[in-house]
4 protein chains.
Amino acid sequence: MSQFGWSWHLEWQSPCEFHGHLINRVIVDLKTQYQRVMVAELARFGKVLIIDGKIQSSVADEYIYHETLVHPLMLSVENPENVLILGGGEGATLREVLKHKTVKKATMVDIDQAVIDFAKQYLTEWHRGSFDDKRSRIIISDAKDYIEKTTESYDAIILDLTDPIKGNTSYKLYTKEFYEKIKSRLNKGGAMVTQATSPSFSLCVFSTIFNTLRQVFKLVSASIVYVPAFDGLWGFVYASDYVNPISLTKEQVNKRIKDRIEGELRFYDGETHSMIFNMPKDIRQYLANEKRVSTEENPIYVPA
Amino acid sequence: MSQFGWSWHLEWQSPCEFHGHLINRVIVDLKTQYQRVMVAELARFGKVLIIDGKIQSSVADEYIYHETLVHPLMLSVENPENVLILGGGEGATLREVLKHKTVKKATMVDIDQAVIDFAKQYLTEWHRGSFDDKRSRIIISDAKDYIEKTTESYDAIILDLTDPIKGNTSYKLYTKEFYEKIKSRLNKGGAMVTQATSPSFSLCVFSTIFNTLRQVFKLVSASIVYVPAFDGLWGFVYASDYVNPISLTKEQVNKRIKDRIEGELRFYDGETHSMIFNMPKDIRQYLANEKRVSTEENPIYVPA
Amino acid sequence: MSQFGWSWHLEWQSPCEFHGHLINRVIVDLKTQYQRVMVAELARFGKVLIIDGKIQSSVADEYIYHETLVHPLMLSVENPENVLILGGGEGATLREVLKHKTVKKATMVDIDQAVIDFAKQYLTEWHRGSFDDKRSRIIISDAKDYIEKTTESYDAIILDLTDPIKGNTSYKLYTKEFYEKIKSRLNKGGAMVTQATSPSFSLCVFSTIFNTLRQVFKLVSASIVYVPAFDGLWGFVYASDYVNPISLTKEQVNKRIKDRIEGELRFYDGETHSMIFNMPKDIRQYLANEKRVSTEENPIYVPA
Amino acid sequence: MSQFGWSWHLEWQSPCEFHGHLINRVIVDLKTQYQRVMVAELARFGKVLIIDGKIQSSVADEYIYHETLVHPLMLSVENPENVLILGGGEGATLREVLKHKTVKKATMVDIDQAVIDFAKQYLTEWHRGSFDDKRSRIIISDAKDYIEKTTESYDAIILDLTDPIKGNTSYKLYTKEFYEKIKSRLNKGGAMVTQATSPSFSLCVFSTIFNTLRQVFKLVSASIVYVPAFDGLWGFVYASDYVNPISLTKEQVNKRIKDRIEGELRFYDGETHSMIFNMPKDIRQYLANEKRVSTEENPIYVPA
């Protein structure tokens, strides 16, 4: 049984369920001021980033998450030149944004310089040099602070944030108040997207984010993908007063990819677009019935 | 920690990966002549059927699998009156077939009387009385034997079989030779479907089944769904010389459901149809490149 | 990997540690009024009794626990005729007591008739008919109630009780007050023993029981054995004003076994006696330094 | 559940059983030419050395193993001046040997310079400077080669070797042929000891080592201890033509410790000596019945 006598990453989805991943090698395991950060090589997924015991991203399937977060939004906007990313410390969201030839300036705001430095050193496969692109600007700041103070406005704003968790402050970045501030920083024709947690493990959070954005924006749509390393479905919500990715046809998506994107996409194209924006009946009905709105006073959290 | 000191179902997807499910209660745990059969109540999924250590079906999400197996096929056929199910011992596939008002006769062929008896006693939530429907006929026989000997022909044939595994005989039911026999038992206008294993854990088996059916039938298409209790994606392949579910529009699917189906569907409708028949770019390319054909001489197996 | 896709008993010793045992078969899994009771066949230990997620006893090594609980005490008493067992529902403690030819009456007091009935049906390997021995008397009662009300007195009293746990009432059976009542029910020359939890996982409980008994009795000694199914060491404390098992020599033990015991012992004899009553330096020093006394007002519990 | 979303060391004792240890931090995880070497901090045991997925030693209880290996042997020899250690790369066996004031020269032979260097850097708590003691001499060599070629002879030889495993060469160091060579390198009055694997998991290996040494030496005895980090019992066999630790009384052990040893022992003393050299009846009978002898032609292995 020697092949099993190793270290494993055990990730609990709830007190009743966990997934075990064989670790081939621990590359680094650090305690920063805020969190425990590990980079390891899993037998199934290869290199992964694990923060506080949760797989954040795997080299084997991060493209599913990052392409779905970035491209439907970017392609729905007419001519996205000035883009803002909140969060996204690994640099992969920035990498996908920079594939768009329209982009002149991409600003990434992350709270922790240490995370950026760590990513630069250990997560080359994620950022692939995007931090050094001439169009990139990295700002170390709290996302809420930044949005409240900046006078700049953007064509596209991408929220690549940690889940709303009781006890830290990220939950504020999923509220009506915050989305109103985001809206105020969007140019005419602009749009935003946020990762919206897992419809498999926190469906009510996904639907509440969806419903909260509907209170603030005229056009709101959602996509769902299956991410193996997350052990379930993952959701995204797109919002704008002007454009809606769901209105794009397969053909439009394929044409815009050809016209605007430099480099190959692995997951997203016209047919994928049809898959991820069509929702199964059970989840669709759940979303339709959602009445909750996340506010600073009454926020939503993922189950602890 | 007393809440954890319980029994768990640990299901290995490979030697490098497993999923742990807390068992609230073991309802029955038997060794039959062929296999170990357990019915248990899991904390996350409620009642499940576990055969030889693999979750076969959970009361919480079996509708995803069974609706996707049955309805795209049945709705693509003009007027399915005589239907054959190979396998499907729990009775849920039969249950979904019988929802179609066009059906006059539904024949289910399963290898083991003990399994049927077991299902009748322990899996009421699955069959819901379908074994006792006047249109149902249950035959205890090997599926291959039955197909070779029967003189009857069918409008729809549904293969709800265990995965092709080295060492047992089910692999023969995924070969070109077997599909040719199936084809010979289809009426004009008829179509077949087979469950096609997991694109997450055995993508090459899924693509080989797809490519094998393309050698036998003119019209072949595939759908993919995420089934939580299977811990990943699940695939289905539909084949016919006359009809193709992929050609149905959202509106057609919704109209035919309204016209032909008695009772509510929970997962499948027009929009779900669009989701499951549009495939993501990465899997689509893999399928397109598949050259293997499963034959009796050179069969395909799921990894042990 | 099919050999691993089974149910496992995972037993947490703390939030940081667990042991996984492959379950070959679940024989019965019941929820009684008080607890969840399972009998299963483990690959390593064979048949086991699991209560509320903790292995209570395995057919492979229960003799280690039961022989160590019973025989050092019984052999140290001059002529034990009337014996009281508190707890011990499986019937194995009773079985060992009845091996002593001196015994004329063995009274077993257990709180739950259902447990006795369950043991009679499912735990034959444990009781081996001891419930039906002419000398046996089974009383259904709370142990504390029984001791407070009985007017009978005993030559040996054996406490085979569940661990002291916060939130149930068993902790009262490990207090100075309770031991004083036990003492009042002992005949001249009589002695008592209690299981004393695990020196591996709750050393401070073991040492506190030891020190508490030293407040009540003149002669107190402890033994320690390794029980594989408990995943660590297990402790016992013997107390009396008249006799002390630790004073017996190897030769005396062997002689008394020969003279008094009918049937074979598998674990305990003179040399085993020397092993279990000699304590390693580290645990010995810990015991020597223990100052705590468990009282009804300030009781000791095993860590939850 | 965030406290569980971490990495765990899962150690399989057999295909049917494993133990899970929460890892607080991975300090280093390397692949050397021969093996995977990890130093990690476990929640329960603190710092541990893990080689090829097996815990070799934990800072919390390594003293149990190392004191039992070294001191009964050293104290039974009249005046051990020249000591040989085969294996023992962590330096803890050497550390214990050097506590004996009689020792003038301690030679440690290990196969891999990399292991020694690794120990020097990461395992300070184990060696505590023993590599730099003036009496120490470190030789990089295969143990068998060394014994065959050396012309030196020793008062005590300590075999602190990896278990005999099929497929590597360590099994040769547990054979009659090897023990004869060891004997030829012992001075008059000299004695040897070997670690003898786990009576819990490989009782037949323990008993075969015991019986093999009885073919070569006149006086052979065994001790058994429980080592928490090894999840079971561990065995040692001592052999000589002149002395036998089992003959030492408690009082003699305590006196010799006082006279000869510099520094404190945590586990071993006179009473511990009585515990570990008295064997329980079941294991004792197993040993008495052992007929196998491990030879180069017909060697014994631990189960894979």
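The values are calculated or read from the model by the stated rules, or taken from the named source; none is laboratory data. If you're wondering where the values come from, they're calculated on a predicted model, not measured in any experiment. Here the Cβ positions follow ideal geometry from the backbone for every residue, glycine too, while neighbour counts run over all protein chains shown. Just so you know, the surface numbers come from the protein's heavy atoms only, side chains and all, with ligands and any DNA or RNA stripped out. Shrake-Rupley method; radii C 1.70, N 1.55, O 1.52, S 1.80 Å.
Label-point spacing for A:Lys255 across the identical copies (point 7 Å from Cα in the Cβ direction), in nm and ascending order: 2.8, 10.3, 10.7. Placing unit charges on the Cβ atoms of the charged side chains and taking the dipole of segment D:41-82 about its Cα centre, the candidate lying farthest along the positive direction among D:Asn79, D:Ile64, D:Ala43 is D:Ala43. Note on C:Lys149 and C:Asn289: the extension gain reaches 46.8 nm, defined as 0.36 nm multiplied by sequence separation minus the Cα-Cα distance.
Report the calculated FRET efficiency for B:Asn79 and C:Gln35 (r = Cβ-Cβ distance, R0 = 41 Å), to the nearest 0.05. Efficiency at R0 = 41 Å is approximately 0.10.
Inter-chain Cβ neighbour count for B:168-177, averaged per residue, equals 0 (cutoff 10 Å, partner chain atoms only). Here the Karplus curve 6.51 cos²θ - 1.76 cosθ + 1.60, taken at θ = phi - 60°, turns the phi angles of segment C:108-118 into couplings of 10, 10, 10, 6, 10, 4, 4, 5, 4, 4, 4 Hz, with x standing for Gly and Pro. Taken residue by residue and averaged, Cβ atoms of other chains lying within 10 Å of the Cβ of D:26-39 number 3. Estimated purely from DSSP H runs of n ≥ 4, each contributing -39500 (n - 2.57), the mean residue ellipticity at 222 nm for chain D is -8500 deg cm²/dmol once divided by its residues.
Pairs from the table (C:Lys176/D:Lys255; B:Lys149/B:Lys188; C:Lys31/C:Lys172; C:Lys188/C:Lys250; B:Lys99/B:Lys166; B:Lys149/B:Lys176) lying more than 28 angstrom apart at Cα are C:Lys176/D:Lys255; B:Lys99/B:Lys166. Between C:Lys99, C:Lys281, C:Lys188, the GNM of chain C built on Cα springs shorter than 10 angstrom shows C:Lys281 fluctuating the most. For chain D, the longest principal axis of the C-alpha atoms and the axis of helix D:62-76 are separated by about 0°. Each label was represented as a point 7 Å from its Cα along the Cα-to-Cβ direction; for C:Ile139 and A:Gln252 these points are 8.5 nm apart.
Counting only residues at least eight positions apart within a chain, or on another chain, the aspartates and glutamates with an alpha carbon under 17 Å from that of C:Lys47 are B:Asp29, C:Glu11, C:Asp29, C:Asp61, C:Glu62, C:Glu90, C:Glu125, C:Asp231, D:Glu17. Using θ = phi - 60° in the Karplus curve 6.51 cos²θ - 1.76 cosθ + 1.60, the 3J(HN,Hα) couplings for segment A:224-230 round to 9, 10, 9, 10, x, 5, 8 Hz; x is entered for Gly and Pro.
Mind listing the label-point distances from B:Ile27 to the same position on all other copies, shortest first, one decimal in nm, points 7 Å along Cα→Cβ? Output for B:Ile27: 2.4, 4.6, 5.1 nm, nearest copy listed first.
Whole-Hz Karplus values for segment B:23-38 come out as 9, 6, 7, 8, 7, 7, 9, 10, 10, 8, 4, 9, 7, 9, 10, 10 Hz, taken residue by residue from phi with 6.51 cos²θ - 1.76 cosθ + 1.60 and θ = phi - 60°; glycine and proline positions read x. Taking N as the residue count of segment B:141-193, its C-alpha radius of gyration divided by 2.2 N^0.38 Å amounts to 1.13. Per residue, the convex hull spanned by the Cα atoms of segment B:48-149 measures out at 105 cubic angstrom. Summing Cβ point charges (Lys, Arg +1; Asp, Glu -1) relative to the Cα centre of segment D:62-288 gives a dipole of roughly 640 debye.
Each Lys and Arg adds +1 at its Cβ and each Asp and Glu adds -1 at its Cβ; summed about the Cα centre, the protein assembly as shown shows a dipole of about 0 debye. Taking only the Cα atoms of segment A:2-58, the radius of gyration and Dmax are 11.5, 36 Å. Averaging 1/r over each pair of different alpha-carbon atoms in segment C:101-175 and inverting the result gives 14.0 Å, the Kirkwood hydrodynamic radius. Take every Cα pair under 8 Å whose residues are at least 6 apart in sequence, average their separation, divide by the length of chain D, and the relative contact order is 17 percent. GNM remark for chain A: springs join alpha carbons under 10 Å apart, and the peak mean-square fluctuation among A:Asn187, A:Asn24, A:Asn289 falls on A:Asn289.
Shape analysis of segment C:62-289 yields a ratio of the Cα radius of gyration to the Kirkwood radius, Rg/Rh, of 0.93. Please give the FRET efficiency for B:Lys181 paired with B:Ala60, using the beta carbon to beta carbon distance and R0 = 51 Å, rounded to the nearest 0.05. The value I calculate is 0.90. Inter-copy label distances at A:Lys149, shortest first and taken from points set 7 Å along Cα to Cβ: 6.9, 7.5, 8.2 nm. A simple packing score, the average count of other Cβ atoms within 10 Å per residue, orders the peptides B:259-270, D:116-127 as D:116-127, B:259-270, with the highest score first. Taking label positions 7 Å along the Cα-Cβ direction at both B:Ile27 and A:Ser14, the computed distance is 1.8 nm, reported to one decimal.
Based on C-alpha pairs under 8 angstrom that are at least 6 apart in sequence, segment B:10-94 has a relative contact order of 15 percent. In chain C, the beta carbon lying closest to the axis that superposes C onto B belongs to the residue given here with its whole-angstrom distance, C:Val26, 2. Spread over its residues, the convex hull of the C-alpha atoms of the protein assembly as shown is 201 Å³ per residue. Split the accessible area of the protein assembly as shown by element, probe 1.4 Å, and carbon with sulfur accounts for 49%. For chain D, modelled as a GNM whose springs connect Cα atoms under 10 angstrom apart, the maximal fluctuation among D:Thr212, D:Thr150, D:Thr249 occurs at D:Thr150. Rounded to the nearest 20 debye, the dipole magnitude of segment C:220-304 is 240 debye, with +1 charges on Lys and Arg beta carbons, -1 on Asp and Glu beta carbons, and the Cα centre as origin.
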